[in-house]
Amino acid sequence: MGKFSTFADKVTSWLKEYLNVSEDLLPQPDIEESIRSGVVFKGSQLLTLVFAIGVASVGLNANSIPVIIGAMLISPLMGPIIGMGLAIGIEDFELLKKGLLNIGLAVLGSLLASALYFTVSPQFEESSQLLARTTPSFYDILIALFGGAAGILSIAVKNKGQVLPGVAIATSLMPPLCTAGYGIATMQADFFFGALYLFFTNMIFIMFATWAGVKLMRLKKVETGVSTRYHKVKLILYAAVTFTIGMSAFLSFRMFSKRIFTVKASEFVEQQMVFPNTQVLNYKVLFQNGKRIIDVNLIGAELPKDSLQLAMMNKLDSCGLAGTVLNIRQGVTVGNNSGVTDHADFAQFFNDLQIKLTDSREEVDSLKRVINEGDGKQSMEILKEIRVLFPTVRNIAVSKMYLGSTEGNESIDTVNVAFISSSGQMGTSEEKKLKEYLEVRLDRSDVHLMVNPSGFPW
């Protein structure tokens, strides 16, 4: 036990030595000056914010990740948030007021500017980058927390490196605000509230990480003599952190539940809804008013509706999808004029089918050309060889012919025939050798020879 305790003490001492940043810290006035200078938006910082809003809005509109990353790097929104964290840590309430005022104006300006952009934007689509900022999760809390910790540390130490640009990209403050502006422009509450919640989640945990960093670095407090105000501010911060963690955990649970259900629903349709003469045209997985829904469109032979529904509902239970609403629509039936239930879906289906048919035809034509070219080259080589092996042969034509009967037998067979033009009569043994040669050389079984056929167009 004594040896283990000694080893643990050595490890602890080693960790303290290598993780100690006190020797690398800047003086407190330098740290405060660096943070305070970025709290207030005016002059160049205000213009930079305006430009960042424009870049982020265009990037989201064009679904361009590099442009969005550029907006994150340009945006000065980190300044007031880190300033508020410092203000709470050193109990400087005047700095806290400035930070709140400036971040409020920045949020309001970003929402109005992005909403105006998306109102007049020629492209009005919900890109993947917009959608990605409407579903905050517990991971966003961790990103903001670690990013904020890295941010305050990089400001407070002498060896800063290139940390702040990475923090700006990771924490993603500007794109959620522009997405919320898109929600205002399109009157979509999900976009507005989801993106705005993501922004405030990032803001609160960057601020919390900054406050924790200030406490760990033991920066001196501003002497105000009002301790009750500080306690109230701390309670508000704790309440905001607790609420955000709880809400993010709930949203993450709901998001994972939806993903699991979507995977199970896809597996159910692809593995269980398999029929001999009927196929699944398409299917959709929906979430409406707390209900989980699978919409399936079938094409092909019509199946008994009640029996099909009952069988599939039983399979839903066995696949862990109990309580799911299953809507099955049979649009096109074989041998029946029952019509189509979803014209757009079937129009798309037949359009895709036509494209596949065209591609198949082109592929067949290409293969035919290759085969014909190959046969032509092979025929030229055979002619050279025949001229040496069978001197009496002057011309040769090889063909695969289709053989049918007029006696009522509908079966069709194929026959390999070689038409030979010879300068003289070929003996039986010579014809046999030529036949065997052609079968081997052309890789065709049972070649029939026609020597000097009358009327053949040589």
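Side notes on the structure shown:
- Residues of the range 256-271 that are under 19 Å from the mean Cα position of the chain (by Cα) and aromatic (Phe, Trp, Tyr): Phe256, Phe261.
- Filter result (modelled with pLDDT of 85 or more, farther than 30 Å from Ile141 by Cβ and either surrounded by 17 or more Cβ atoms within 10 Å (Cβ to Cβ) or hydroxyl-bearing (Ser, Thr, Tyr) (or both)) within the range 252-282: Phe268, Val269, Met273
- Condition met for Lys215 (part of a helix (DSSP H, G or I) and surrounded by fewer than 17 Cβ atoms within 10 Å (Cβ to Cβ)): yes
- Every condition in (1) surrounded by 14 or more Cβ atoms within 10 Å (Cβ to Cβ); (2) at pLDDT below 80; (3) not hydrophobic (A, V, I, L, M, F, W, C) is met by Asp24 except one, and the failing one is (1).
- Of the candidates Phe268, Phe275, the single residue that is farther than 30 Å from Leu196 by Cα and part of a helix (DSSP H, G or I) is Phe268.
- Of residues in the range 101-117 being within 31 Å of the chain's Cα centre (by Cα) and among the small types (Gly, Ala, Ser), the one nearest to Met203 (Cα to Cα): Ser110
The values are calculated or read from the model by the stated rules, or taken from the named source; none is laboratory data. Every value quoted in this text rests on a predicted model; they were computed, and no experiment measured them. Glycine also receives a Cβ, built like all others from the backbone with ideal geometry; neighbour counts cover every protein chain displayed.
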